[in-house]
Amino acid sequence: MRVLLSGNEAVARGCYEHGVKVATAYPGTPSTEILENVVKYKDDVYSQWSPNEKVAFEVAMGASFGGVRTLVAMKHVGLNVAADPLMTSTSVGGDGGFVIVTADDPGMHSSQNEQDNRYYAKFAKIPLVEPSDSQEVLDFLGTAYEISEQFGTPVLFRLTTRLSHAKTPVELGERTEVAQKEYVKDTSSRVVIPAHARRLHVKVEKRLEAIREYAETSPLNRVIEGDPKVGVISSGISYQYARDALPEATFLKLGLSYPFPVELARKFCERFETVYVVEENEPFIEEFLRYAGITNIIGREKIPACGELNQRIVRDSISGEDTAGEKTPVPPRPPVLCPGCPHRSTFYTLNRLKIGSTSDIGCYTLGVMPPLEGIDTCICMGASIGNSLGMEKAIGKEFAKKMVAVIGDSTFVHSGMTGLADVAYNKGATTVIVVDNSITAMTGHQDHAGTGTTLMGESTTKLDYIKLAESVGVKDARRVNAFDMEAVKTAIKEATDNDEATLLVMEGPCALQVRGQWGPALVVDSENCTACGLCLRLGCPAISKDEDGKATINPLFCVGEFCSMCAQVCPVDCIAVPDKS
Amino acid sequence: MANKTTDVFICGVGGQGILLASEILSDVALAKGLDIKKSEVHGMAQRGGSVVSHVRFGEAIHSPVIAEGEADILASFEKMEALRWIQFVKPGGKVIVNSQEIVPSGMETYPPAIDRKISERVPDTMFIDALKLAKEAGHLRAVNIVMLGAFSHFLEFTEDEWKTAIKARVPKKTIEINLRAFELGRAAVSG
Ligand SMILES: Cc1ncc(C[n+]2csc(CCOP(=O)(O)OP(=O)(O)O)c2C)c(N)n1
């Protein structure tokens, strides 16, 4: 049957068809839908969210030790978090086939950087598979498992946003079961004490050379004949852009691009006067060519390093023209905290109290936008707490009264817990605010260890932030109703005033998760409205000014009494549910 | 028709049902046995940001995205959004705009003269009041299917093929409203 699947759905389908038994992940755009779709095959494939990518990686590696085909998926920066197990897993090698999916984000549609994770394959000395559409995702995933099992190595499988999220036709197949290998204790290859690791390194080098020989003739690397005068080398999504930009050219399309098939590439390049190397972001392939002394190539000198490519950019880069067309300036339409978002009260209060925050990654990062403007720093998952403590150590304890750490619940579970222990251990006065909407909202509402439900839909234990704080030594830890403006203000004041570490858990469900609780829109009694503008400082998309500067509420956006933060901040009580006004 | 690619660029504001419309278009093309690629970026769609979906179909499709100057049709579910992406329309291409105005959060009023600026860039522009037609069909949320109906008029599929795809995608209870929305949108541009 021919169906349309996104690249992420095709990975999930591939898990099913190629006999995968265990799949793990921590969510992250553009990779999230992989596991969200794997769970549809839960009778055949066990799947789970882990608290972060490092743990997800280690669980997957353990499953591979256990003798089954296993997959771990993450966004590009997730592999930074999992880099420690990655770098060593490569020498121990898999038993059950082990595939690591990295979904990179050229153009940074929803990421903090544009890192090209193909370098991780080279760094970790493992094979790199790069599909170019959803059918190849499905097919190449099977080959990736064969490579993994034949050579005893994890395989890095690289998607990018336009592969993960583009839907293209796929021919579905059946599931093939893969027999589980029996677990045999093998300390010489699974316990990496230096004596073993030295021998394992030699093994890895030999293995790489063997896989390179395999790559020279692998069907994943193929030539598409065209104009005998124009040669192009490309891989992944860049290949598709290059095909459209240079439809007549002859292509060397690399699907297994590391270990680099240098002889194949050399022979290809010998056929042409000039070969274009088309790559998004980094000149990964080009570097191998140049290292091999192949110089009749044009790559980075013309193809831009920053941002996503498309066929027009590739064509223009080569021709030197600019056919982008003129843009007409239009006001930006940036994403904002939704109407009814529980995070709003924290940032409004910080703003009013003139307290800054080191913050973190999630919906709440939108608290940086005017009028809330409550964020001083945002670097990577979990950085908020360490950043706050570090500022306090540099500037002094008093500074902790003016700077708090704000972190989401999922981010706290991901990598905030160790930061909190650090604050207690090193006697910080830091106030840590967990904005707890009880879900991973930013990436589309995934459960985590603090929500009480697993990916497979079972109810489970729920991390207790208060008990956790107490057990690491934070004596003052409390829950606050995020929709109670007065309570939020009192809690933040008290927490910042004292000289001790404090944990505040601002509780309130993500408004998008509880549509059933939305009520009729609030209305402004404009006769009594004094146009003081306080409610506008909430930055709620539902509230705007009328001609007289008075507040009006858009009934299509307002979620009603469920939130009512604006009604609470109004000094003259002129915002209310319709029948009360 | 050999090697001809049709590029439909759909844009609007998160929450307007853009992805459903492009899903239905893709279903119709797939059912015809065509090669088809559809691309959009997930993540921000629900948070009031600008949303686009690229749909390309034909004999053989390579890139999943439409580049600047390539779109045969740009269908914008919101007025200002048409102008934001106007450079994607190919010379001689067509623009269909829902004249609905959604003020971006943080702005107090809607910028003026958007209609004129769009028509200056692309003479073949049609404005329709999709919100009004959606209301007429039975639900404000049917704006997306009104717009689908409007741009469907300029594509080579039959009315039946469209309706079959709509029925398969929308919730059962809303089939009637959506079919009416489709017809109203189609009629609005064929007059
Ligand atoms: C290492 C890493 N993994 C994953 C992500 C993707 N990501 C961005 S924010 C976020 C979590 C947001 O959840 P939460 O902290 O609960 O805040 P919310 O969005 O619910 O407000 C994730 C998983 C990332 N940016 N970096």
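Between A:Thr176 and B:Glu159, the FRET efficiency estimated from the beta carbon spacing at R0 = 41 angstrom works out to 0.45.
Rounded to the nearest Hz, the phi-derived 3J(HN,Hα) couplings of region A:433-442 under the Karplus curve 6.51 cos²θ - 1.76 cosθ + 1.60 (θ = phi - 60°) are 10, 8, 7, 9, 9, 6, 6, 8, 6, 3, where x marks glycine and proline.
Calculate how large, on average over all directions, the projected area of the Cα convex hull of region A:237-284 is; give the answer in nm² to one decimal. Could you put the intermediate results ahead of the total?
Details: hull surface 14.6 nm².
That works out to 3.6 nm², a quarter of the Cα hull's surface.
Between B:Thr109 and A:Asp476, what FRET efficiency follows from the Cβ-Cβ distance if R0 is 35 Å, with the result rounded to 0.05?
0.15
Report the residue, chosen from B:Ser119, B:Ser105, B:Ser22, that carries the largest GNM mean-square fluctuation when chain B is represented by alpha-carbon nodes joined by springs under 10 Å. Top of the fluctuation ranking is B:Ser105.
Which percent of the accessible area of the protein assembly as shown is formed by carbon and sulfur heavy atoms (probe 1.4 angstrom)? Please list the in-between numbers first.
Values: 16180 of 30400 Å².
Carbon plus sulfur share of accessible area: 53 percent.
Shape descriptor for region B:2-189: Rg over Rh equals 0.94 (Cα atoms; Rh from the Kirkwood inverse mean 1/r). Spacing of the modelled spin labels on A:Asn296 and A:Asp579, each 7 Å from Cα toward Cβ, amounts to 8.3 nm. For region A:361-458, the list of GluC sites (Glu not before Pro) that fall in a loop by DSSP and count at most 16 other C-beta atoms within 10 angstrom reads A:Glu373, A:Glu458. For a test of the definition: using alpha carbon positions, the gyration tensor, and the 1.5 limit on a/c, classify the protein assembly as shown as rounded, prolate or oblate. Here the protein assembly as shown falls in the oblate category.
Remark: spin-label model distance A:Lys397-A:Lys327 equals 5.0 nm, labels positioned 7 Å along the Cα→Cβ axis.
Roughly speaking, what is the centre-to-centre gap between region B:7-31 and region A:306-378 when only Cα atoms are used, to the nearest Å? Region B:7-31 and region A:306-378 have Cα centres separated by 25 Å.
Out of region A:303-332, which GluC sites (Glu not before Pro) are coil in DSSP terms and have no more than 10 other C-beta atoms within 10 Å?
Answer in residue order: A:Glu321, A:Glu326.
Taking a ≥ b ≥ c as the square roots of the Cα gyration tensor eigenvalues, with a/c under 1.5 meaning rounded and otherwise prolate when a/b beats b/c, else oblate, which class fits region B:94-191? Oblate.
Leaving out ligands and nucleic acids, and using a 1.4 Å probe, what accessible area per residue does region A:517-576 come to in Å²?
Working: 2990 Å² over 60 residues.
Accessible surface, normalised per residue, equals 50 Å².
In region A:222-325, what percentage of the DSSP-assigned beta bridges are antiparallel, given to the nearest 5? If I count the DSSP bridges inside region A:222-325, around 20 percent turn out antiparallel. Heavy-atom accessible area buried between chains B and A is around 4000 Å² (1.4 Å probe, both sides summed).
In chain A, helices alone account for a calculated mean residue ellipticity at 222 nm of -10000 deg cm²/dmol, with every DSSP H run of four or more residues adding -39,500 (n - 2.57).
Quick one: which of A:Lys42/A:Lys181; A:Lys167/A:Lys203; A:Lys327/A:Lys550 span more than 29 angstrom between C-alpha atoms?
Values: A:Lys42/A:Lys181 21 Å; A:Lys167/A:Lys203 40 Å; A:Lys327/A:Lys550 35 Å.
With Cα atoms farther than 29 Å apart: A:Lys167/A:Lys203; A:Lys327/A:Lys550.
As an exercise, identify the trypsin sites (Lys or Arg not before Pro) in region B:1-110 lying in DSSP coil whose Cβ has no more than 16 other Cβ atoms within 10 Å. Let's see the in-between values first.
Numbers: sites: B:Lys4, B:Lys32, B:Lys37, B:Lys38, B:Arg47, B:Arg56, B:Lys79, B:Arg84, B:Lys94; in loops: B:Lys4, B:Lys32.
Those that pass, being in a loop and sparsely packed, are B:Lys4, B:Lys32.
Residues of region B:140-160 with amide nitrogen under 18 Å from the 7 Å Cα-to-Cβ point of B:Ala187? The answer is B:140, B:142-154, B:159-160, whose backbone nitrogens lie closer than 18 Å to the label point.
Only lysine pairs 8 or more places apart or on separate chains count here, and in region A:352-481 those with Cα atoms under 30 Å apart total 26. For chain B, modelled as a GNM whose springs connect Cα atoms under 10 angstrom apart, the maximal fluctuation among B:Lys172, B:Lys163, B:Lys132 occurs at B:Lys172.
For region A:341-440, a/c is not less than 1.5, where a ≥ b ≥ c are the root eigenvalues of the C-alpha gyration tensor, and a/b does not top b/c. That puts it in the oblate class. Of the residues in region A:528-550, those shielded by at least 30 Å² of accessible area once partner protein chains are present, compared with the chain alone at a 1.4 Å probe, are A:Lys545.
Mean partner shielding of peptide A:161-171, defined as the number of other chain Cβ atoms within 10 Å of each residue Cβ, is 6.
The values are calculated or read from the model by the stated rules, or taken from the named source; none is laboratory data. Given the structure is predicted, the values throughout are model-derived calculations rather than measurements. Virtual Cβ from ideal backbone geometry, glycine too; neighbours counted across all protein chains shown. Surface accessibility is based on the protein's heavy atoms, side chains included, excluding ligands, DNA and RNA. Shrake-Rupley method; radii C 1.70, N 1.55, O 1.52, S 1.80 Å.
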